[in-house]
Structure formats: structure tokens, C-alpha cells
1. From the list B:Val116, B:Val151, B:Val100, pick out the single residue that is touching a strand residue (DSSP E or B) at 6+ places or on another chain (Cβ under 7 Å) and assigned to a helix (DSSP H, G or I).
2. Sort through A:Val154, A:Val215 and tell me the only one that's of a type in the set (Val, Ile, Thr), buried (at least 18 other Cβ atoms within 10 Å of the Cβ) and farther than 22 Å from A:Leu94 by Cβ.
3. Condition first: crowded, with 21+ Cβ neighbours inside 10 Å and more than 14 Å from chain A (Cβ to nearest Cβ). Can you find one or more residues in region B:153-169 that meet it?
4. Pull up region B:191-215, narrow it to residues that are away from every other protein chain (no Cβ under 11 Å) and surrounded by fewer than 18 Cβ atoms within 10 Å (Cβ to Cβ), then point me to the one that is nearest to A:Ile358 (Cα to Cα).
5. What is the residue count in region A:346-359 for residues that are within 7 Å of another protein chain (Cβ to nearest Cβ) and more than 15 Å from B:Asn214 (Cβ to Cβ)?
6. So for region A:330-345 (the condition being within 28 Å of A:Pro260 (Cα to Cα), more than 14 Å from chain B (Cβ to nearest Cβ) and either charged (D, E, K, R) or in contact (Cβ under 8 Å) with a residue 12 or more places away in the chain (or both)), does at least one residue qualify?
7. Right, B:Leu238: outside any loop (DSSP other than H, G, I, E, B), crowded, with 24+ Cβ neighbours inside 10 Å and in contact with a helix residue (DSSP H, G or I) (Cβ under 8 Å, 6 or more places away or on another chain) or not?
Amino acid sequence: MQAENSFIRMESIVKIFPPSNVALDNVSVEIEEGKVHSFIGENGAGKSTLMKVLFGLEPATSGQIYIHGEKVNFHSPNDAVAKGIGMVHQEFMLIPSYTILENVILGYEDTNKIGLLDLNRSRKKLQALCDQMGFDVNLDEKVENYSVAIQQKVEIIKQLYREVNVLILDEPTAVLAPQEADELFKMVESLKAEGKTILFISHKLDEILQISDTVTVMRQGEHVWTKPNVGLTKTDLAEAMVGRSVLFTVEKTKIEHGEPVLELKNISLKSDKVAGRMLLDDVNLTVHEKEIVGVAGVEGNGQYELVQVVIGNQFPDEGTVSVLGSDISKDTIRSRRESISYISQDRKLAGSSQDDSIQDNAFMSHHYLNDSLVTKNKILDKGKIASFADELIKKYNVVCESRKAPIKSLSGGNQQKVIVGREFGLEHPLLVLDQPVRGLDVGSIEYIHSRIIEQRDAGAAVLLVSADLDELFSLSDRIIVMYKGKIVAERIPEDTTRNEIGGYMLGSIGDSQ
Amino acid sequence: MKKTVVVILGVLLAFIVGAILLSAQGYHPIESYISMFKNSLLTKIALGNTLARMAIFIMLGLAAYFGFNSGVSNLGLFGQLLMGALVATLIGQHLNASPVIAIPLMLIAAAIAGGVYSGIAALFRLGFGMNEFITTLMMNFIAKYLIAYLVTNPMRDPNSQWPMSRPILQSNVFSRIGDIDMTVFLAILIFIIVFLYWNFTRRGYEFRLTGANNLFARLGGCEVNKNFFSSMVISGVLAGIAGAFLIMGSTQQNKLIPNLGETNASDGLMIAIISGQSMPSVLFFSLFFGIIQTGSVGMQMDTNVPSEFTVMLQAIMVLFVVAFRDYSELFINLIKARSKSRKLRTEDHEPVC
């Protein structure tokens with residue numbers, strides 16, 4: 001029934017993460033040569049897993065892959081590369097302290113007759129490749145000195161150097177500003193013109209419609225459909241992805257903000273790795289009650305440090321942090337937790353203890369802040385803690401077996417709901433949210449967003465860091481942009497555009513001021 | 001429930017492998033095992049000895065368990081035990097007072113000695129970033145050679161051929177209830193206190209969560225540095241008490257000897273490892289190690305199987321239980337995944353055909 005001459009054919013792929021987490025449910029898909037084929041779906045839909053199976057990173061539980069009708073069996077990415085398939089991961093596989101040249105040739109080094117490295121030959125080959133792609137960089141510069149967008153191109157060049165003709169790009173635009181994404185799309189176009197096949201993973205609908213020839217939609221591990229990109233609309237894609245019609249914006253009424261809650265004055269933080277580099281450079285910021293302040297910026301421009309300084313995990317070299325008028329600059333995390341709720345960007349490492357139960361995870365910080373869960377003699381009241389956990393599970397619609405289940409047995413969205421429930425349950429005046437919906441499905445995102453608005457309406461001051469401009473535009477009452485540790489712009493979402501914010505993020509506007 | 005099955009299976013398998021090794025060397029395995037249990041449980045004196053051994057293991061197993069599960073690698077049980085034993089000996093040799101005063105004083109002093117010795121390693125870590133894994137291990141050597149020096153020179157018993165100290169005063173030795181040494185009751189009492197502290201206090205919760213994920217605990221407001229210090233000291237205190245037990249127990253020699261408790265300390269580490277995250281398992285394995293070690297001596301006399309066989313049996317048991325714990329789930333899950341995948345494929349294919 002399948003065309004024998006199809007380029008890549010994946011047939012009945014099933015991938016189950018033990019014991020019974022179905023990531024791919026009998027997925028069959030065909031890929032044509034020389035096209036840009038996009039895979040879209042929500043987080044957890046299986047699009048990345050499918051590509052990892054194709055790339056030999058994850059063994060399929062069952063199913064076959066054919067290339068030009070010939071069955072292949074990849075045990076490792078090396079097998080896939082040998083068949084001309086390369087992948088650029090979301091997290092770059094580069095060694096920061098190596099030069100571009102060293103990174104690219106790593107594992108595929110040219111050697112001379114007696115087996116010594118022949119860097120010159122490699123350099124010539126790589127330079128020719130870069131010239132051909134119009135990629136102008138110094139090959140002997142260390143990778144860490146380049147921006148994320150350039151590093152991504154290095155990753156792509158690295159794959160091309162290995163002479164792949166199929167390139168898998170896993171959510172490549174997640175780390176890029178809008179302008180940088182346009183650059184990437186140009187590169188994709190030129191690769192396609194050379195006859196390369198591009199497999200493009202994303203959940204951003206606009207860019208899919210912009211660059212794809214063919215679109216495959218996935219939902220909950222299943223293949224929904226594959227169609228040529230002719231006459232498709234955003235609504236078509238969104239409905240297929242989510243299985244119902246989706247709102248693209250959160251319901252939010254405008255309210256007047258109140259008194260200042262968080263005040264940062266002249267905060268500066270020096271890098272302890274690079275002398276003279278400022279991670280935070282004279283940052284002044286006020287967040288009021290009943291206000292959500294969104295922080296935009298390309299990753300690594302000080303947003304993370306800003307959050308760390310507020311929660312007390314790092315101490316600034318200069319400046320003061322105050323909450324509700326009192327200076328907390330010298331306070332420990334423990335005492336700051338009396339007024340600050342915090343959701344970290346890393347759910348697994350910083351936001352939870354994966355092996356412990358939902359109850360133990362929900363109890364964190366409440367264990368010393370919430371005296372109602374402890375008896376007069378300072379003994380933990382197990383009955384009250386259990387009902388506290390059960391209430392949280394009920395109130396935040398956490399899908400789980402029981403409060404005793406380890407939190408790692410929950411889906412990402414449900415884990416995040418436990419974390420959100422714990423933090424919002426502290427009923428603090430200040431919420432510091434560092435990418436609170438990263439990696440979640442649309443349903444969970446909508447849910448958590450509406451809870452954030454609810455907290456604001458109830459009087460909380462919210463500092464929201466996000467890499468997703470859509471999230472910032474739909475939630476924020478005010479957006480600030482960080483670039484090289486400075487706040488370079490402050491805008492009301494209604495009075496600005498994504499492109500303007502993007503310009504500030506890249507430093508292409510604002511430097512002259 | 002599943003965990004209990006894993007432990008029982010692991011222990012049984014260890015005995016089976018042990019039996020194979022025994023018969024390979026020409027011994028009769030069943031006879032040997034029967035002799036082992038007979039000589040550890042079936043006479044009053046044997047049972048008393050088994051329980052006294054158990055008491056030592058409970059303290060040392062608990063010491064290691066407390067450290068490991070709160071994120072502290074205290075490998076210095078041996079050194080802390082020796083410091084406790086040294087202090088108990090010094091007081092016990094000279095303090096001729098009512099046992100009601102002398103015995104608690106010796107225990108408390110030994111506990112403090114153990115706690116101070118481990119506390120030093122904790123301060124090295126907090127002050128200079130020195131890994132406690134290494135410092136505690138190194139401090140074992142300091143304690144070991146300090147004791148070796150003391151018992152061959154200043155503290156040596158002049159009437160003895162071998163290097164050892166004079167015994168403590170007979171009044172300072174623990175009494176027995178029936179054939180059961182007081183250390184047994186004390187160990188169980190301490191176990192209960194530690195168990196309640198671990199599970200029912202705020203600090204206990206912080207210890208547990210810090211051990212599971214330090215960063216998460218710190219960001220959640222737990223005082224991780226203070227907890228590190230306390231946990232290290234508590235671990236040392238428990239080891240120090242074990243040292244006092246080794247001097248003061250009625251089944252013991254009541255004197256300081258070189259290498260006192262060295263194998264006990266490593267057995268304590270093994271018990272903590274084999275117990276994983278279950279504190280009651282410490283009690284179970286302490287009893288178990290007590291049984292096979294006490295029984296091995298009688299077994300050697302009855303059947304000629306060398307008593308060192310138990311060292312091997314213990315090691316096999318640790319390997320099996322730990323391996324079972326980590327891999328049984330993985331393995332079962334893998335089988336579940338396979339069968340589910342088969343089901344998915346047939347379900348989806350039927351309508352096509």
C-alpha cells in the first residue's frame with residue numbers, strides 16, 4: 001500500500017517508556033526527499049520522540065524504518081549519521097571552550113599518513129562549507145564567545161560537515177528572537193535548494209505555515225494527519241494538535257495596580273567567570289501588587305540572575321532588594337521564603353524531589369511556614385498534612401493515583417500543578433515565576449495561566465520570566481526587556497509589537513540610547 | 001509490599017548461592033545452615049550473643065543510614081566508634097561511682113566524642129569545601145593509629161602479653177536482664193527515638209528531603225548547611241555510642257584493643273546500603289547480620305566451615321538485595337512495555353485488514 005520509492009518510511013512505530021507510558025502509538029509516516037517536512041504537536045505529543053527514534057537515539061519498542069525501501073536498524077546516532085541523517089538538538093551538543101573548528105570536526109577528524117591530526121585539511125574543508133552557506137565566522141574562535149543563534153548555526157554546519165542529507169531540527173526557534181528565527185529560515189531555504197531534506201519540529205504555528213512543504217500533526221503519541229502545506233490555516237493546525245478549538249489568549253481584565261511590593265535598586269552582579277562582564281548591570285525595577293511584570297530577553301542576558309538575586313540564591317555586588325518596603329538584601333533564602341513564592345524553570349532539579357511522594361513535595365516550605373500542619377509540640381501532624389496534600393490535588397486537578405505516588409510518576413503538566421499549588425498555597429505577596437509553563441501541554445498552560453491571573457487579581461505582585469513572547473504578551477501588564485544584564489526597554493503590551501521587543505532583545509534597538 | 005518481596009528474594013538467593021559455594025568446597029550446605037541458626041538462636045547464651053551483636057549493628061547501621069539518607073557520606077564510623085570507645089574506657093577505668101551515675105556518663109561522653117570527631121569533618125566541609133567522603137575516611141586512620149599507640153604504650157595493660165588496655169571497672173560494665181544485655185534495650189530505644197525524629201519532626205523532613213535533592217531543599221528554605229552539620233554530628237554520636245557498647249557490653253572484652261570494631265563499622269555501612277530508604281530494614285538486617293555472625297562461630301566447630309564464610313554470605317546478600325531493588329522494577333516495567341506495545345499494534349491493525 002505504501003509507495004515503494006518513498007525516501008524515508010517509518011512504519012508502525014511504537015515507543016513505550018516503561019512501564020506503560022505510551023509516547024508513540026503505532027505511528028506511520030512517509031517523508032519525501034528534498035522537502036521541508038514539519039512535525040507539530042504539543043509538548044508530549046511524541047514529535048521529538050519520533051525524531052529520536054529515526055536518529056537512533058531512542059530504540060523503538062516496535063516498528064520499522066525504511067530508507068529508499070531498504071530496512072534500516074539504527075542502534076546509535078552514529079548509524080544514523082552513516083546513513084546521512086543528522087539532528088540538531090534543543091540543547092546544543094557543543095563544547096563551549098573548544099573552537100568552532102574543533103567542535104565541528106570532533107569525532108570526524110582528518111588525519112595525515114601517520115595518524116596525526118591534520119587540522120589544515122579540516123579547516124579548508126570547513127571554510128569551503130561556510131563560504132558556500134554564507135556563514136561568516138572565525139573558525140578559531142571559541143564557541144562560548146558566540147551568541148546562541150550562531151551556536152545553532154555551528155550545530156547545523158557540524159551536521160553538514162558530516163555530509164548528512166537529512167537534517168532534523170528539534171524546536172530550533174525556541175531559543176531564538178524573532179529576527180534570528182528569520183535568519184534560520186533563510187538557511188533552511190538554502191539547504192532545501194541544495195536538495196537536503198529538513199525535518200522541522202515545532203509547536204509554533206506561524207513558522208510551520210511559513211516554511212513547510214508538508215506538515216504532520218501529532219497528538220498524544222498518535223499520528224493525526226500528514227498534509228501538504230496548501231491552504232492550511234493556523235486554526236486547522238491548532239485544532240488538530242489539541243483536538244478541540246483553542247483560545248489563543250487568556251481572559252484577563254485590566255485592573256489598577258496597587259502599592260509597590262518588590263523594589264530592586266541599582267542591582268549589579270559581576271560574572272565570576274569572565275572578568276569585567278556584568279551579569280546584572282544597574283537594574284532598577286518595581287513590581288506592584290495586582291501587577292504582572294514580564295521579563296523578556298534572549299537566554300543568558302541576566303533574567304536568570306535577576307530571579308536568583310530576588311529569591312536570595314545569589315547576592316548582588318551592589319544594590320538593594322526590598323519587599324513591601326523592608327530591605328531583604330542580606331536575608332537568607334529561608335527568611336525570604338516567608339514572603340516570596342518561587343517557581344523555578346527547572347521542574348525536575350530545582351522544583352521538586354522526583355523520587356519523593358506528591359505529599360512530600362507539596363509540603364516543602366509549608367513545613368516551616370505553615371504552623372497549622374504541626375502540633376503544638378512541633379510534631380508533624382500527619383493527618384493534617386495528608387488532607388493538605390489531598391486538597392491541593394483536588395483544587396489543582398492533579399491527575400494521580402494518590403498523594404503517596406512519587407511525583408516522577410506524573411506527567412509534566414501534573415507535576416507542575418503540584419508545584420504551582422504548593423507555591424500559590426503559601427499565599428505570599430510576591431510570586432517569582434521563571435518560565436512556569438516550560439514544556440507543558442496546551443491544557444496545562446491555559447490552566448496555569450488562568451491561575452496566575454487569579455493570583456494577580458487577588459493582590460499578588462508577579463515577576464514573570466519567559467522565553468515565549470506570546471506568553472509575555474498575553475499575561476503581562478508591563479514588559480521589560482533585558483539585554484546584557486541591563487533593562488533596555490519597558491513597554492505596555494498594548495503599545496508595542498513582538499518585533500519591537502525582539503529588536504530590544506537582540507540589542508539592535510536601544511544601544512544608542 | 002513490593003520492597004519486602006525484593007528483600008526476601010534477595011536474602012533467599014544469597015543463601016542459595018552460598019549453598020552452591022559450600023557444596024562446591026565439599027561441605028554440606030543444609031547441615032551448615034542448620035548449625036548456623038542453631039548456634040545463634042536456639043540456646044539462651046547464643047541468643048544473648050546474637051542480640052548483643054544486633055545492638056552494635058543497630059547503632060552503626062543507623063549512623064550510616066542517617067548520614068546517607070540526608071546527603072552526608074560519613075565513611076568515618078570506625079574512627080568515631082574508636083573515639084567513643086576510648087573515652088568510655090578512660091572513664092570506665094577510673095570512675096568508681098554508682099553505676100547509675102557512671103554508666104550514663106560514659107555513654108554521654110562517648111556520644112560526644114563520636115559527635116566531635118565527625119563534627120570536625122563536617123566543619124572541614126563547610127569551611128573549606130573538603131569532601132567529607134575523603135576526610136572521614138582519612139580520619140579513620142588517625143583514630144586507628146592513635147588507639148594502636150595508646151594500647152601499646154601509655155594505656156597498655158602490663159600484665160598482658162598483647163597490646164591492649166586494662167579492662168574497665170567491673171561495676172561499669174552493663175548488666176543483663178536474663179541473658180539479654182542492657183545494650184540491646186538501649187539500642188532499640190535509641191532506634192525508636194531516631195525513627196520518630198526522622199519521620200515526625202520538621203528537622204527530620206528537612207534531612208530526608210535534603211538527602212533526596214539538595215537544591216530543591218535549599219530553594220524551599222531548608223537550612224542545608226546547618227542540616228549537614230547536624231546530620232554529620234548525629235551520625236558520629238550514634239557511632240560513638242556503638243563504641244561505648246563495644247567497651248561496656250557484658251558480652252564484650254571490656255577493654256580497648258587495636259582494630260576494635262573495624263569490621264563492625266564496615267558491616268554498619270553495608271546494613272545502611274542494603275536498607276536503602278527504609279529505616280525499619282536497619283533493624284531487620286542488624287538482627288540478620290547478628291544471627292549469621294554469631295552462628296558462624298558454632299558452625300565452624302560443628303561442620304568445619306570457616307567462620308569467614310559469613311563475610312562472603314553478607315556481601316552476596318548486599319549485592320543481591322541492592323541489585324534486585326534497582327533492577328526488578330526496571331525489568332518488570334520493560335516486560336509490561338513490550339506486552340502493551342504488542343497490544344497497541346494488534347488493536348490498531350485489525351480494522352485495516
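The values are calculated or read from the model by the stated rules, or taken from the named source; none is laboratory data. Small disclaimer: the values here were computed from a predicted structure and weren't measured. Heads up, the Cβs are rebuilt from the backbone with ideal geometry, glycines too, and the neighbour counts pull from every protein chain shown.
1. Unique residue meeting the criteria: B:Val151.
2. Only one candidate qualifies: A:Val215.
3. Initial filter on region B:153-169 (crowded, with 21+ Cβ neighbours inside 10 Å): B:165, B:168.
Filter again for more than 14 Å from chain A (Cβ to nearest Cβ), leaving B:165, B:168.
Checked region B:153-169: at least one residue is crowded, with 21+ Cβ neighbours inside 10 Å and more than 14 Å from chain A (Cβ to nearest Cβ).
4. My answer is B:Phe195.
5. 0
6. Within region A:330-345 (the criterion being within 28 Å of A:Pro260 (Cα to Cα), more than 14 Å from chain B (Cβ to nearest Cβ) and either charged (D, E, K, R) or in contact (Cβ under 8 Å) with a residue 12 or more places away in the chain (or both)), the answer is yes, since at least one residue qualifies.
7. The answer is yes for B:Leu238.
Quick grid of which residues meet (1) in contact (Cβ under 8 Å) with a residue 40 or more places away in the chain; (2) not assigned by TED's automatic domain parsing to the domain that holds A:Asp327:
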| residue | (1), (2) |
| --- | --- |
| A:Val215 | yes, yes |
| A:Pro228 | no, yes |
| A:Ala238 | no, yes |
| A:Ser268 | yes, no |
| A:Lys290 | yes, no |
| A:Ala296 | yes, no |
| A:Leu306 | yes, no |
| A:Val310 | yes, no |
| A:Gln314 | yes, no |
